[in-house]
Amino acid sequence: MARTAAVIVAAGRGERAGSPADGPKQYRLLGGVPVLRRAIEPFLASPGISELVVAIHPADEEAYRRATAGLALRPPVPGGASRQASVRNALEALAADPPDHVLVHDAARPLLPPSVIARVLAALAEHDGAVPALALPDTLKQAGGSLPSRIAATVSREALYRAQTPQAFRFAPLLAAHRRAAAEGRDATDDAALAEEAGLDVVLVEGAAEAMKITTAEDFLLAEALLGRGIGPASGTRTGLGVDVHRFGPGTAVVLGGVRIPHDEGLLGHSDADVVLHALTDAILGALAEGDIGVHFPPSDERWRGAPSRLFLAHAASLLAARSGRLLHADVTVLCERPRIAPHAAAMRETIASILAVDAGRVSVKATTTERLGFLGRGEGIAAQAVATVYLPAPSS
Ligand code: MG
């Protein structure tokens, strides 16, 4: 498999987005998280990318350390006098152990969707380079001078695109193009321009509106608004749903919500068949988009035979904790004719709350019959439904 590195260009002084006292825009907070950290995060989360290097202004070392605290990154490289020089420094830093492919991304594009990374990487299978791009929606006018100005021409927007980042390239030819441009004193505003001049085969692929570059104070407001609509890195409040059913069989008790309830039948299952904890585990996994209980604890695995289902729920809770998330609320409904659930609901809430390490006020357990209808009404088994609401903070908070 090809080795792919990412270069994040963060060396600009970019103070147009605020007063100079605010410092460079890539270190300002967007939705409580530094812009640079948001720009880095999709690459760290991308399974195709094995290393990442950031080019920074030497004066920003302290801000860089704060913005990237806790992230697994190699040391930053010093930027140069121009964007092109900064990219070249980063490429030279990678050249000692060259990757096959490299993606070059602007730190000022903090809301990059992972789909754009996937598209430019996919294009490298057939081309030397790929650039995400967007068509131009507005009619283009050429002015005779600064505004107000007489219109010199209306320019056809047909076949015109705005270039975004990350731009992806085969590493060796891009490095060669940078070295040649530096030797000849040529400067370009993006890497594709150098690659095109070098005769490389660079294609445009579909970009994304969210991959906008933050340049002005208005761009910051727009980016904040996009974040508020759930666009950008996965954070915020999420809800997951879980459903489980187990069949009755011979036995003297059922285990529901971690509580043993004497009964004239038991529930059949690979584990202890606790439908309440299974449904709730699936609800939390669902809120995290982490698959389902069968993915994490395959029924084919003998280790889970007869296992107490609190293990499954505790695992889901640990995945939530690993992302610094919190359970806001869980609500479970048990569906059965018998046994009666109400006398045990309080104990089930306490047990679930203790497994999840939350206050019992955040856990609800209730029950209903199905009016003797269907398989539950005939007393063939017990079902449970669960909803979990979790909060996932942005990566650095
Ligand atoms: Mg189950």
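Among the residues that make up the stretch 132-141, is at least one of them under 24 Å from residue 81 (Cβ atoms) and either touching a Phe, Trp or Tyr at 6+ places or on another chain (Cβ under 7 Å) or not charged (D, E, K, R) (or both)?
Pass one, the stretch 132-141, residues under 24 Å from residue 81 (Cβ atoms): none.
Looking for residues that are under 24 Å from residue 81 (Cβ atoms) and either touching a Phe, Trp or Tyr at 6+ places or on another chain (Cβ under 7 Å) or not charged (D, E, K, R) (or both), one finds none in the stretch 132-141, hence no.
Restricting the search to the stretch 132-182, which residues are touching a residue at least 24 places away in the same chain (Cβ under 8 Å) and more than 30 Å from residue 97 (Cβ to Cβ)? Even if it seems obvious, please write down each step before you answer.
Quick first cut of the stretch 132-182, residues touching a residue at least 24 places away in the same chain (Cβ under 8 Å) only: 132-136, 160-175, 178-179, 181-182.
Within the stretch 132-182, 133, 134, 135, 136, 160, 161, 162 meet the criteria.
What helices (runs of 4 or more DSSP H) completely inside the stretch 305-397 contain at least 3 residues that are open to solvent by 30 Å² or more (accessible area, probe 1.4 Å)? So that I can check it myself, show each step before the final result.
Numbers: elements: 310-322, 342-356, 374-377.
Here the list reads 310-322, 342-356.
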Any residue in the stretch 264-280 that is within 13 Å of residue 348 (Cβ to Cβ) and of a type in the set (Gly, Ala, Ser) sitting within a Cβ distance under 8 Å of a residue that is open to solvent by less than 20 Å² (accessible area, probe 1.4 Å) and near the ligand (Cβ under 10 Å from one of its atoms)? List the pairs, counting only those 6 or more apart or interchain. 279/242; 279/384
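From the list 241, 268, 285, exactly one residue is buried (at least 22 other Cβ atoms within 10 Å of the Cβ) and either within 16 Å of residue 332 (Cβ to Cβ) or within 16 Å of the ligand (Cβ to nearest atom) (or both). Which is it?
Working: 241 fails: buried (at least 22 other Cβ atoms within 10 Å of the Cβ); 268 fails: buried (at least 22 other Cβ atoms within 10 Å of the Cβ).
Matching residue, one of 241, 268, 285: 285.
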Report whether or not residue 174 is modelled with pLDDT under 95, assigned by TED's automatic domain parsing to the domain that holds residue 80, more than 30 Å from residue 335 (Cα to Cα) and not in a loop (DSSP other than H, G, I, E, B). no
Hey, does the stretch 293-308 have a residue that's within 22 Å of residue 391 (Cα to Cα) and either over 19 Å from the mean Cα position of the chain (by Cα) or of a type outside the set (Asp, Glu) (or both)? yes
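Here is a list: 259, 275. Which entry is crowded, with 20+ Cβ neighbours inside 10 Å, farther than 20 Å from residue 325 by Cβ and either within 13 Å of the ligand (Cβ to nearest atom) or of a type in the set (Ser, Thr, Tyr) (or both)? Before the answer, list the steps.
Details: 259 fails: either within 13 Å of the ligand (Cβ to nearest atom) or of a type in the set (Ser, Thr, Tyr) (or both).
After applying the criteria, what remains is 275.
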The lone condition residue 292 fails out of (1) open to solvent by less than 20 Å² (accessible area, probe 1.4 Å); (2) within 13 Å of the ligand (Cβ to nearest atom); (3) under 29 Å from residue 115 (Cβ atoms) is (1)
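The values are calculated or read from the model by the stated rules, or taken from the named source; none is laboratory data. Nothing here was measured: the structure is a model prediction, and the numbers come from that model. Positions of Cβ are generated from backbone atoms using ideal geometry, with glycine treated the same way; all protein chains shown enter the neighbour counts. These area figures cover heavy atoms from the full protein model, side chains too; ligands, DNA and RNA do not enter into them. Shrake-Rupley method; radii C 1.70, N 1.55, O 1.52, S 1.80 Å.
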